[in-house]
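The values are calculated or read from the model by the stated rules, or taken from the named source; none is laboratory data. Source: prediction; values computed, not measured. Note that each Cβ is placed from the backbone with ideal geometry, even for glycine, and that neighbours are counted across all protein chains shown. The accessibility values were calculated without ligands, DNA or RNA, using every heavy atom of the protein model including side chains. Shrake-Rupley method; radii C 1.70, N 1.55, O 1.52, S 1.80 Å.
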Amino acid sequence: MSDPPLLEVEELIVEIPTRRGTLRPVDGVSFTIGRGEILGVVGESGAGKSITGAAIIGLLERPIRIGGGRVTLGGTRLDTLGEPELRRVRGARIGTIFQDPSTSLNPLKRVGDQLAETALAHLDISRGEARDRALRALVDVGIPAAAERLDAWPHEFSGGMRQRVVIALALIGEPELVIADEPTTALDVSVQAQILALLRRLCTERGVGVMLVTHDMGVIAETTDRVAVLYAGRVAEVGPTRRVLTEALHPYTRGLMGSTPDASPERDARERLAQIPGSMPGLTALPPGCAFHPRCPEAMTRCATDRPHPAVRGDTRVWCWLHPPDEPPAERRP
Ligand code: SF4
């Protein structure tokens, strides 16, 4: 029997209450992440990628709230935890890496102190050991002359080196899961590749699961084991990266991969999607049925009225009526 997944997101709904009704930027999203596995979450801006990550770690800004579904990390339900418990889970069990290192690093604290304090907050260790771990963490992420850089300030590091420090910070509490939201978007292409390879190596070595949010298909192709494609707050398909890249089941994914022969993974989602007529609908104008139907070259009559149910095809799950489910879907959980 295979191991239970590290992270299980089931039918997750995120709501924004407004005067004109409740909007759903995330509407019934389901996926899993195993230990040591990198799941890429890809889609256009506004598809619900980052807000899904924020919901998992309990960082939704009010009045945005979880409106349904469940999030389970290693057997612990996260979506029902209160803020004090969630704060303990963040850092201790979940590390975060964001696009802008300044959201993770305190500019007024030396990097060694920040690392040691994070280690002390989450691990049962002495101050001396925390300092040793801080040094080891900088060595592990490839900071040259780490011993001398321990007392440096964040601004004394280059962009790429700062993002290495952020990775060290995300991993020093020995988390089970890392949520990395566009971690390399702000970096030069050559530095991007180094940072992604580093993240990949450290997580595989330590058995850490990673949710890697990106709009960049090149990043997906080179870094991830599986990929979840999001469209208008819903999953279009989720499956092994190689298979999704070469034999996408969902018409939107095929559009994302590029429908022309010169499409290459280096081109980002925005460029590729120029090939699909129209644009992703806003939250206030979601069409009924399949949200992609107004743009879909393969739409059928029922697509305009019935929302697709998930179908399992090998190790892929796809939400599209071209692939009808084998069995009637289970009732949605509240
Ligand atoms: Fe296209 Fe219909 Fe599939 Fe939606 S459900 S992607 S409209 S074929």
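Structure values in brief
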read-out: Label point 7 Å beyond Cα of residue 3 along Cβ direction - residues of segment 200-214 with amide nitrogen under 19 Å; value: 200-212
read-out: Other-chain or far-sequence residues with amide H under 5 Å of residue 306's (modelled H); value: 290
read-out: Value of [θ]222 nm, deg cm²/dmol, for the chain, DSSP H segments ≥ 4, -39500 (n - 2.57) each, nearest 500; value: -9000 deg cm²/dmol
read-out: Residue 96 accessible area, assembled protein chains, probe 1.4 Å, Å²; value: 40
read-out: By average C-beta atoms within 10 angstrom, highest first, the peptides 311-317, 99-105; value: 99-105, 311-317
read-out: Given charges at beta-carbon only (K, R positive; D, E negative), |dipole| of the chain in Debye; value: 580
read-out: Neighbourhood net charge (12 Å Cβ-Cβ; Lys/Arg +1, Asp/Glu -1) for residue 210; value: +1
read-out: Amide H within-cut-off set for residue 98, under 5 Å, with H built and near neighbours excluded; value: 181
read-out: Beta bridge orientation in the chain: antiparallel %, DSSP, nearest 5; value: 60
read-out: Vicinal HN-Hα couplings computed from phi for segment 110-117 (Karplus, 6.51 cos²θ - 1.76 cosθ + 1.60; Hz; Gly/Pro x); value: 5, 4, x, 5, 5, 5, 5, 5
read-out: Span from the segment 1-74 Cα centroid across to the segment 285-329 one, whole angstrom; value: 20
read-out: Rounded, prolate or oblate (a/c below 1.5 giving rounded, otherwise prolate when a/b exceeds b/c) for segment 21-61 by Cα gyration tensor; value: prolate
read-out: Charge dipole magnitude, Cβ of K and R +1, D and E -1 - segment 23-119, Cα centre, debye nearest 20; value: 220
read-out: Fraction of accessible area attributable to carbon and sulfur, the chain (%, probe 1.4 Å); value: 52
read-out: Mean accessible surface per residue for the chain, computed with a 1.4 Å probe while every protein chain stays in place, in Å²; value: 47
read-out: 309, 155, 215, ranked by accessible area, largest first (probe 1.4 Å); value: 155, 309, 215
